[in-house]
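Some notes on the structure that comes next.
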Amino acid sequence: MFRKPNRNLRVRRAESSGEEEEEEEGDRSKVERQRRPGGRGLTCGTKKRKEEEEAAIEKGDTGDAEETSSGTAALLSFTEEREGEEVTFRIKKPSVNAVVFKVQKRPENVEVARRSPDGDSQSSSSNSEQEHSESEDLECFKEESSGSASTSSSSSSSASPSQPSQAGEIPGAKKIRAARRQRKLARTKGAFISLHVSHEVSDSSQSDSDNELDDHERRIKFAPGVKTLNEQMAEEMASSSDSGSENQEDNNEQDRWEEQQIRKAVKYPQALSQHALRGDSPPQVKRHIEPKLPRVTIEDIKKKLTTRIASIQEVHRSHVLENEKYTHDLENSKNVLEKLESSSSEQSFTFFKKMKIFVENFVDCLNEKIRQINELEAEMFQILQNRAETLLKRRQDDLRNESVAVQKLSGNGVTSDVETLDDVVEKQIQDCELRRRKRRKRREETGEEDHFEGMSSDDELTPDLQNSIQKSRGNILVQCRTILEDVHEDFCRVKNVLCTFHEWRVRFSESYYDAYISLCLHKILNPLVRLQLIGWNPLEDVTDLDQMPWYCDLEEFCFAKEEHENNIEENADHKVLSAVIEKTVVPRVSGFIEHVWDPLSSQQTERLVCFCKTHVLENESSKTVKDLIACLVSRLKKAIEDDVYIPLYPKRVLEDRNSPHSKFRERQFWSAVKLLGNVTRWDGFLEEETLQELSLDKLLNRYLLLVLLNTEPNSDAVTKCSKIVECLPQSWFKGIESGLSLAKLANFSKHLEQCIHALHKQNDRKSIEILTSLLMKIKAQNSADDVMKKYSITLRT
């Protein structure tokens with residue numbers, strides 16, 4: 001029947017009259033007398049009470065036991081007072097750390113809202129009046145008992161633990177009736193404030209679980225406070241209200257804001273009035289004193305007006321420029337619009353479908369013919385390469401055989417291999433001399449006098465070999481013309497292919513440039529251009545690229561008339577021609593330089609230099625051009641190392657200018673001078689430092705100067721020096737102003753000065769003047785001035 005009391009029950013002393021307090025104190029003392037000392041009250045178990053009764057009977061104190069049991073029975077019979085209603089009281093276990101909360105009083109018209117276990121507020125009207133009154137009486141009793149317990153806890157804290165606790169005592173009938181009267185009185189006055197804010201549990205299962213919780217497991221909610229019934233009803237009404245209530249709240253909020261602003265506005269005058277009432281002087285307000293303005297003159301006004309007018313004019317000019325730009329853009333937009341309106345979607349679809357079919361067929365055609373083009377190109381290149389190798393090998397053999405023959409004539413010993421080849425060597429020397437006679441006779445017929453033995457190109461072939469080469473070249477050219485006989489003209493001619501793309505560019509320029517056709521044209525045209533270049537030899541043919549049909553067609557496509565009319569300055573199609581030359585022609589020329597070109601041939605060198613300076617300089621930063629320059633430098637170095645040979649003979653042998661030794665050395669010297677001239681022709685294409693290294697270090701100072709130093713100073717030596725200076729480019733001496741020539745020409749300048757001193761002894765004044773002018777040409781001004789001052793030479797201008 002009795003349950004474990006709840007802990008930490010909130011305690012509030014109820015207001016009661018003095019009589020009720022006296023009655024309550026009497027009831028408490030009576031109950032305390034009835035309880036045995038050292039017991040724990042009703043919180044003790046039934047088993048312990050039985051043990052105490054048995055102990056009392058054995059001691060003979062039966063009267064006290066009966067009184068105790070009867071007193072206990074009298075205290076527990078509450079059913080008679082509750083008029084047949086069954087009430088269960090939950091008595092709290094006394095606790096030393098009980099907390100007493102002081103609740104602030106609320107206004108009389110505020111009702112207390114109770115919350116159910118699920119958080120919803122319970123309405124007092126939904127419960128019966130009897131159950132409501134019982135719960136209120138119980139709460140009142142709990143408040144009184146807890147209040148008395150809190151009051152007596154301070155006085156009895158020092159007592160022994162055997163004394164019973166007042167918080168766990170059983171209330172009597174008078175106490176219950178007093179609590180009921182107090183509750184009714186508080187409800188009548190309307191000043192009742194509920195201190196019980198915990199959730200009420202209706203079912204017994206929930207109350208059982210609450211009883212099982214300890215003090216540390218229960219948490220007291222300090223904040224937020226319990227909402228009243230009016231507040232909950234207001235929230236429900238606000239949630240179900242329509243948009244009109246929201247507008248009303250906005251208006252109320254606006255009214256409150258205006259009221260706050262008005263209060264802020266009148267705050268300062270109120271402060272002044274308060275100061276006046278107290279007799280204090282009002283706060284002084286700092287006044288802003290404006291500074292004195294400077295004196296304005298007419299000049300200042302004119303200056304400001306001028307500046308203002310200049311800024312307005314600048315703005316006006318910018319507006320005019322913007323207007324012109326917008327006008328130009330508007331005209332272009334109108335033109336584009338007209339083009340778009342004129343070309344319907346059906347026409348564009350038809351055109352692009354046609355272009356797709358054309359490109360597919362063209363690519364298929366090239367894939368089928370490219371193999372034949374590559375074969376013919378390789379055969380033609382092989383013929384030219386074999387011819388160049390034949391001429392080079394013959395020249396080197398002639399040089400070796402003639403050198404051996406001259407050494408044999410001088411009495412020097414030769415190897416046995418040379419002795420066994422006397423007949424063959426003699427035949428080769430005779431053939432070489434026969435070719436020289438033919439060239440000499442040809443020069444006499446043409447009247448060419450300014451020529452020296454060794455400067456002519458020994459490139460004559462035998463008639464049989466020449467006919468064989470011409471026949472092979474003719475067969476290859478015939479095959480080139482027959483490769484595209486079965487191909488339609490729209491796919492085999494460069495002009496027709498370009499016309500198709502030109503139509504695309506004119507009709508649909510936007511899609512044309514978006515497709516980057518200009519970057520693909522050189523790849524499309526590469527096989528057709530290579531087919532036309534199979535019979536072209538840049539070392540021999542006089543025909544230049546700009547005279548070929550494909551070049552003219554490409555130039556017309558890249559620089560069409562409508563492009564100039566539309567003032568298109570930077571057009572991607574302008575670079576198609578240079579791209580074709582760079583990707584198709586330049587690699588072919590690099591092959592000729594590496595395998596076919598003879599640097600000792602002045603004719604081949606001149607044509608090659610003309611082509612490179614005309615068509616290659618535009619793309620000198622590309623990879624193909626860099627590869628061409630590397631091949632060119634490598635071939636020149638190889639020619640200097642393999643084809644230049646200056647023999648050294650005794651001076652007594654060279655005194656006779658008709659001797660084989662003297663003639664052989666003269667031919668080799670002039671051959672080296674010819675190579676020097678061919679190397680210096682590349683001035684303006686090769687770097688100056690590279691060119692000076694090849695011509696001055698490797699040729700002049702290593703070979704030619706050796707012959708000049710061993711030559712007697714005479715008119716022949718002056719002629720040799722003059723030819724050497726003629727080969728040197730004048731662009732090398734433009735930036736020299738120090739009076740000294742190039743460092744690499746220091747030895748040559750010193751040799752010229754020594755020749756002048758030797759010729760002065762021979763009284764050859766004409767030769768002295770020639771050598772002095774040579775010193776001035778190479779910018780050896782200090783040496784020339786010394787010679788002119790010493791020998792009183794006056795040069796003719």
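Of all residues in the range 607-628, which are acidic (Asp, Glu) and exposed (fewer than 13 other Cβ atoms within 10 Å of the Cβ)? Selection gives Glu620 alone. Filter the range 315-327 down to the residues that are open to solvent by 100 Å² or more (accessible area, probe 1.4 Å) and not aromatic (Phe, Trp, Tyr), then identify the one that is farthest from Ser509 (Cα to Cα). Checked the range 315-327; the qualifying residue farthest from Ser509 (Cα to Cα) is His316.
Taking first residues from the range 668-688 that are under 10 Å from Val644 (Cα atoms) and without any contact (Cβ under 8 Å) to a residue 60 or more places away in the chain and partners that are assigned to a helix (DSSP H, G or I) and open to solvent by 20 Å² or more (accessible area, probe 1.4 Å), the Cβ contacts under 9 Å between residues at least 6 apart in sequence or on separate chains come to Ala672/Tyr703. The set of residues in the range 681-697 being open to solvent by less than 10 Å² (accessible area, probe 1.4 Å) and in a helix (DSSP H, G or I) consists of Leu691, Leu694, Ser695, Leu696. Pairs meeting the criteria (first residue in the range 251-264 and open to solvent by less than 90 Å² (accessible area, probe 1.4 Å), second residue part of a helix (DSSP H, G or I) and of a type in the set (D, E, K, R), beta carbons under 6 Å, at least 6 apart or on different chains) are lacking. Of all residues in the range 700-718, those satisfying the criterion of being loosely packed, with under 14 Cβ neighbours inside 10 Å, farther than 13 Å from Phe748 by Cα and not charged (D, E, K, R) are Asn710, Ser715. Close Cβ contacts (under 6 Å, 6 or more residues apart or on different chains) running from residues in the range 714-727 that are under 14 Å from Ser695 (Cα atoms) to residues that are among the hydroxyl-bearing types (Ser, Thr, Tyr) and surrounded by 19 or more Cβ atoms within 10 Å (Cβ to Cβ) comprise Cys727/Thr680. Counting only helices (runs of 4 or more DSSP H) wholly contained in the range 446-512, the ones carrying 2 or more residues that are more than 60 Å from the chain's Cα centre (by Cα) and not aromatic (Phe, Trp, Tyr) occupy 463-483. Based on what the data block shows, is Leu600 outside any helix (DSSP H, G or I) and aliphatic (A, V, I, L, M)? Criteria met by Leu600. Restricting to the range 505-548, name every residue that is within 20 Å of Lys471 (Cα to Cα) and open to solvent by 20 Å² or more (accessible area, probe 1.4 Å). Residues satisfying the conditions are Leu531, Gln532, Gly535, Glu540, Asp541. Could you tell me which residue of the range 629-643 is least open to solvent (accessible area, probe 1.4 Å), considering only residues that are small (Gly, Ala, Ser) and within 20 Å of Tyr703 (Cβ to Cβ)? The residue in question is Ala639. Selection of the range 732-745 for residues being within 23 Å of Arg702 (Cβ to Cβ) and loosely packed, with under 14 Cβ neighbours inside 10 Å yields only Ala743. Residue count for the range 698-730, restricted to those that are polar (S, T, N, Q), touching a helix residue (DSSP H, G or I) at 6+ places or on another chain (Cβ under 8 Å) and in a helix (DSSP H, G or I): 4. Restricting attention to the range 438-472 and to residues that are surrounded by 12 or more Cβ atoms within 10 Å (Cβ to Cβ) and polar (S, T, N, Q), the residue that is nearest to Ser662 (Cα to Cα) turns out to be Ser456.
Based on what the data block shows, is Lys325 closer than 30 Å to Phe491 by Cα and outside any loop (DSSP other than H, G, I, E, B)? So Lys325 does not fit the description; no.
For Gly739, the conditions (1) closer than 27 Å to Cys631 by Cα; (2) not in a helix (DSSP H, G or I) all hold with the exception of (1).
Looking across the range 369-407, the residues that are within 17 Å of Lys663 (Cα to Cα), among the polar types (S, T, N, Q) and surrounded by 15 or more Cβ atoms within 10 Å (Cβ to Cβ) come down to Asn401, Gln407. Across the range 753-770, the qualifying residues are those that are open to solvent by less than 70 Å² (accessible area, probe 1.4 Å) and of a type outside the set (D, E, K, R), and the one among them that is nearest to Trp732 (Cα to Cα) is Ile770.
What number of residues within the range 771-797 are surrounded by 19 or more Cβ atoms within 10 Å (Cβ to Cβ) and either in contact with an Asp or Glu (Cβ under 8 Å, 6 or more places away or on another chain) or in contact (Cβ under 8 Å) with a residue 40 or more places away in the chain (or both)?
The qualifying residues number 8.
The values are calculated or read from the model by the stated rules, or taken from the named source; none is laboratory data. The structure presented is a predicted model; accordingly, all values stated were derived computationally and were not measured. Positions of Cβ are backbone-derived with ideal geometry, glycine not excepted, and every protein chain shown enters the neighbour counts. With ligands, DNA and RNA removed, areas are computed over all heavy atoms of the protein, side chains included. Shrake-Rupley method; radii C 1.70, N 1.55, O 1.52, S 1.80 Å.
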